[in-house]
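Colleague: Got a structure for you, questions after.
Every number here is computed from the coordinates shown, using simple stated rules; none is lab data. In this text, all values refer to a predicted model and were calculated from it rather than measured experimentally. Here the Cβ is made from the backbone with ideal geometry for all residues, glycine too, and neighbour counts use every protein chain on show.
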Amino acid sequence: MASLVKLPIPLISDIVEGFPPGGLIVFAGYPGIGKSVFINTALVNSLKEGYGCVYVAIDSSVDEVVDILSDKGVSVGELVDRGCLKFVDGFSIELHSIAGSIPYTRISALKPIETLDTIYNSLDTLSCKKKLLVIDSLNEFLMRNEPGIAIDFVKGLKLIGRKTCSICLVSLHLGIPGLEQLYSSIEYLSDGFIEMGFDPRLEELGIPLRRLRVKKMRGAGHELQWIPFTIARGGRIEVVDIKQVISSVRASLAELKGLSVG
């Protein structure tokens, strides 16, 4: 069996042994929980470590992604010129008259097989040996195609990952009615499944504490418990000391109780 890949993903790299080579890694959670922050930070760190990447922009325009990478100190134009970074645009497919600042290939979520061909060709022609595929997000393909076709698309991503020796990071928005069965199928098909959400107990108290857990990582040891985290300024991901949070909650409740008595 091939060695596990040490991919630089904040927090997650500390709780998993490694990532399966050619694996499909899913970041699942409700919109706004921080999936894109993790994926984009992993992308920035990987580019700085010599990875080549194909970024499939579905939820944001290519120009938005370029701005995010540039703000993090990535020389986007230079990497594109060297063939180490390629963009595939599934966001502005109807706006053919609008030119982006960086060259990219357009795809449509309504044409999943053609999209797989485009992704494969883009990865296969990357000039870097270490390769990363980022798709943010899968939902467009799930919502605009029949379930069987959507599942075939996910299987196709797995085949491409193995064929090109690429790690594939994808985001998946949970909570959309009618997609529950697809969510379960994607979790089953994935090589790694990272679930993100708010702590329900603290949420009842009005404290929106983010947390994540690695539900699955094929062939790799990993922690199973929920890890609380926060996203600080500049998109910095930090672990939260839950004991401090509970202590603060208790202090606040005691203060409220004292005010009500008074």
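Colleague: Would you list Ser61, Ser75 from fewest to most Cβ contacts within 10 Å?
Modeller: So the ranking, lowest neighbour count to highest, is Ser75, Ser61.
Colleague: To the nearest 20 debye, what is the magnitude of the charge dipole of the chain about its Cα centre, counting +1 on the Cβ of each Lys and Arg and -1 on the Cβ of each Asp and Glu?
Modeller: 720
Colleague: Taking every alpha carbon pair in the stretch 1-148, what does the distance histogram look like in 10 angstrom bins from 0, in percent?
Modeller: Each 10 Å bin holds this share of Cα pairs: 10, 41, 38, 11, 1.
Colleague: If you take every residue apart from Val214 with its C-beta less than 13 Å away from the C-beta of Val214, what net charge results, scoring Lys and Arg +1 and Asp and Glu -1?
Modeller: Result for the local shell: -1.
Colleague: Could you check the spin-label model distance between Glu203 and Tyr30? Points 7 Å from the Cα along Cα→Cβ, value in nm.
Modeller: Output for this residue pair reads 0.3 nm.
Colleague: Pop out the ³J(HN,Hα) list for the stretch 125-140 in order, Karplus 6.51 cos²θ - 1.76 cosθ + 1.60 with θ = phi - 60°, rounded to Hz; leave Gly and Pro as x.
Modeller: Taking θ as phi minus 60°, the curve returns 9, 4, 7, 9, 6, 7, 10, 9, 10, 10, 10, 10, 9, 7, 4, 4 Hz for the stretch 125-140.
Colleague: Can you give me the relative contact order of the chain as a percent, contacts being Cα pairs under 8 Å and 6 or more apart?
Modeller: 25
Colleague: Taking 51 Å as R0, compute the FRET efficiency from the Cβ-Cβ separation of Ile242 and Glu78 and round it to 0.05.
Modeller: Here the calculated transfer efficiency is 0.75.
Colleague: Ok, one more. Based only on Cα atoms, what Rg/Rh ratio does the chain have, Rh being taken as Kirkwood's radius?
Modeller: A ratio of 1.02.
Colleague: May I pose another question? Would the stretch 66-163 count as rounded, prolate or oblate if I go by the C-alpha gyration tensor, calling it rounded below 1.5 in a/c and otherwise prolate when a/b exceeds b/c, oblate otherwise?
Modeller: Since a/c reaches 1.5 but b/c is at least a/b, the shape of the stretch 66-163 is classed as oblate.
Colleague: While we're here: Can you tell me the length gained on complete extension of the stretch Lys111 to Glu64, counting 0.36 nm per residue apart and subtracting the Cα distance?
Modeller: So the extension gain works out to 14.6 nm.
Colleague: Moving on. With respect to the cross-link table entries Lys86/Lys155; Lys158/Lys243; Lys86/Lys158; Lys6/Lys111; Lys48/Lys111; Lys129/Lys216, which display a Cα-Cα separation exceeding 31 Å?
Modeller: Beyond 31 Å: Lys158/Lys243; Lys6/Lys111; Lys48/Lys111.
Colleague: Still on this model: How much length is gained on full extension from Ile176 to Val37, taking 0.36 nm per residue of separation minus their Cα-Cα distance?
Modeller: 48.0 nm
Colleague: For labels at Glu187 and Val5 in the simple 7 Å Cα→Cβ model, what's the distance in nm?
Modeller: Each label point lies 7 Å from its Cα, and together they span 2.4 nm.
Colleague: So, counting K/R as plus one and D/E as minus one, what does the shell of residues with Cβ under 11 Å around Lys130 add up to?
Modeller: +2
Colleague: Here is a follow-up. Of Leu126, Leu43, Leu11, which is the most mobile in a GNM of the chain whose springs link Cα atoms less than 10 angstrom apart?
Modeller: In the Gaussian network model the winner is Leu11.
Colleague: For the stretch 16-78 and the stretch 155-226, what is the centre-to-centre distance using only Cα atoms, to the nearest Å?
Modeller: Each part reduced to its Cα centre gives a spacing of 16 Å.
Colleague: Could you identify which residue out of Val26, Val239, Val134 has the top mean-square fluctuation in a GNM of the chain using Cα springs shorter than 10 Å?
Modeller: Among Val26, Val239, Val134, the largest GNM mean-square fluctuation belongs to Val239.
Colleague: Would you work out which of Ser75, Gly32, Ala2 lies farthest towards the positive end of the dipole of the stretch 1-102? Charges go on Cβ: Lys and Arg +1, Asp and Glu -1.
Modeller: It is Ala2, whose Cα lies furthest towards the positive end.
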